């Protein structure tokens, strides 16, 4: 991912130094497990740990130039890394990678990166949920028009719209949490996964020390359905953010102007038109969602590998995992900030709600005519629609047309017609919905 969309904390998780640190962590931890089982000398492992401690703790950086020089000769990144570590450790390095194949280290270290990235993304989602919840309660009773097909439907509140967003983000949180747990698993079962050269306890002990689970059965790699699920959880979360951002873009249109992205002092909306205030952040989030979704396709295509393994998944994962995690991290943090500072115009919401001169109460007129007049649904619908079309075509008040329609006046008094146009009828269950979404608090 380019630097423009890379925030520091997530960027560090996917940088080369952290990758190599995780590689080394797996190798050293596996050696510790072997030593505990008495297979290799404990004093040798202690010497290894002493020499690599500055690298594990981030006090010293790996010499990536030197590793690249070795890889030029070996044409194998893991062997190049292990050769470089031998230059640091000395003879005791022979106890590293004992009985292991490259994927034992690579997939287990990859699990650590997925866990690190996943935990950060979960914090991001929590931040988004907090921001949405705060604005939802702020605008719980801010009435606006609900739209279907882009056309005015019936009244809702802006807070109710946000409560729906919150509930969706909670599902994203649950999906992502489950996906991280399933994807962040290691395997140290050796070539083709038979444990022929590794005691199965080494895998269990090593993964426990690393704070991750282990695959109960594996071939030479951890099965990629786990990774695909993780990428799909990211894609779903990004799609939700795009959904919310798309709504903000619609509500910021000049003809609507019910909400607006914050516009900072000194900000410019257009190089040509000084008046412009564009929803640029929401548009950016919609674009980045496409990047994250594309990674989910790659994840699913990585599932069918040849026999016990091939490396067709490897090159793609080097690209799509950092890009998807970094992009979603950026999206979540930026959207949380957007929600915290979103400008809301309740007066415009009310103005737009009244644009159709009362037509938005047509369903209640329909139901009241059926309930009190004994009309069939078809008869009542015809009466209401006939008057509604006059409002569309002539721009007259719906309520006044109803009061003059003898078919309506046979059923409803003027006071009953007035009561139909009470906004509170449409918002009477908002508190109940909020309790279902947010609980009693």
Condition broken by residue 195, with the remaining ones in (1) in contact (Cβ under 8 Å) with a residue 12 or more places away in the chain; (2) surrounded by fewer than 20 Cβ atoms within 10 Å (Cβ to Cβ); (3) out of contact with any strand residue (DSSP E or B) (no Cβ under 8 Å at 6 or more places or on another chain); (4) not in a helix (DSSP H, G or I) satisfied: (1)
Lone unmet requirement of (1) surrounded by 14 or more Cβ atoms within 10 Å (Cβ to Cβ); (2) closer than 30 Å to residue 194 by Cα for residue 306: (1)
Members of the range 137-159 found to be touching a helix residue (DSSP H, G or I) at 6+ places or on another chain (Cβ under 6 Å) and crowded, with 18+ Cβ neighbours inside 10 Å, listed by number: 139, 140, 142, 144, 145, 155, 157, 159
Matching helices (runs of 4 or more DSSP H) fully within the range 328-441 where at least 2 residues are touching a strand residue (DSSP E or B) at 6+ places or on another chain (Cβ under 8 Å): 346-353, 424-427
Criterion: in contact with a helix residue (DSSP H, G or I) (Cβ under 9 Å, 6 or more places away or on another chain) and free of Cβ contacts under 8 Å to residues at least 60 places away in the same chain - qualifying residue of 207, 286: 286
Given (1) without any contact (Cβ under 8 Å) to a residue 24 or more places away in the chain; (2) buried (at least 18 other Cβ atoms within 10 Å of the Cβ); (3) under 47 Å from the mean Cα position of the chain (by Cα), number of the condition residue 388 does not satisfy: (1)
Residues within the range 414-435 that are farther than 15 Å from residue 364 by Cβ and surrounded by 10 or more Cβ atoms within 10 Å (Cβ to Cβ), tallied: 6
Selection status of residue 315, more than 30 Å from residue 349 (Cβ to Cβ), free of Cβ contacts under 8 Å to residues at least 12 places away in the same chain and outside any loop (DSSP other than H, G, I, E, B): yes
Residues that are closer than 16 Å to residue 27 by Cβ and under 32 Å from the mean Cα position of the chain (by Cα), drawn from the range 187-213: 187, 188, 203, 206, 207, 209, 210, 212
Unmet criterion (only one of (1) more than 30 Å from residue 333 (Cβ to Cβ); (2) in contact with a helix residue (DSSP H, G or I) (Cβ under 7 Å, 6 or more places away or on another chain)) for residue 165: (1)
Test: residue 320 is touching a helix residue (DSSP H, G or I) at 6+ places or on another chain (Cβ under 6 Å), buried (at least 21 other Cβ atoms within 10 Å of the Cβ) and touching a residue at least 24 places away in the same chain (Cβ under 8 Å): yes
Filter pass, residue 383 being in contact with a helix residue (DSSP H, G or I) (Cβ under 7 Å, 6 or more places away or on another chain), under 30 Å from residue 106 (Cβ atoms) and modelled with pLDDT under 95: no
Subset of the range 212-235 [in a helix (DSSP H, G or I) and touching a helix residue (DSSP H, G or I) at 6+ places or on another chain (Cβ under 6 Å)]: 226, 227, 228, 229, 230, 231, 232, 233, 234, 235
Check on residue 16, touching a helix residue (DSSP H, G or I) at 6+ places or on another chain (Cβ under 7 Å) and in contact (Cβ under 8 Å) with a residue 60 or more places away in the chain: no
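The values are calculated or read from the model by the stated rules, or taken from the named source; none is laboratory data. The structure presented is a predicted model; accordingly, all values stated were derived computationally and were not measured. In this analysis, Cβ positions are derived from the backbone assuming ideal geometry, glycine residues included, and neighbour counts consider all displayed protein chains.
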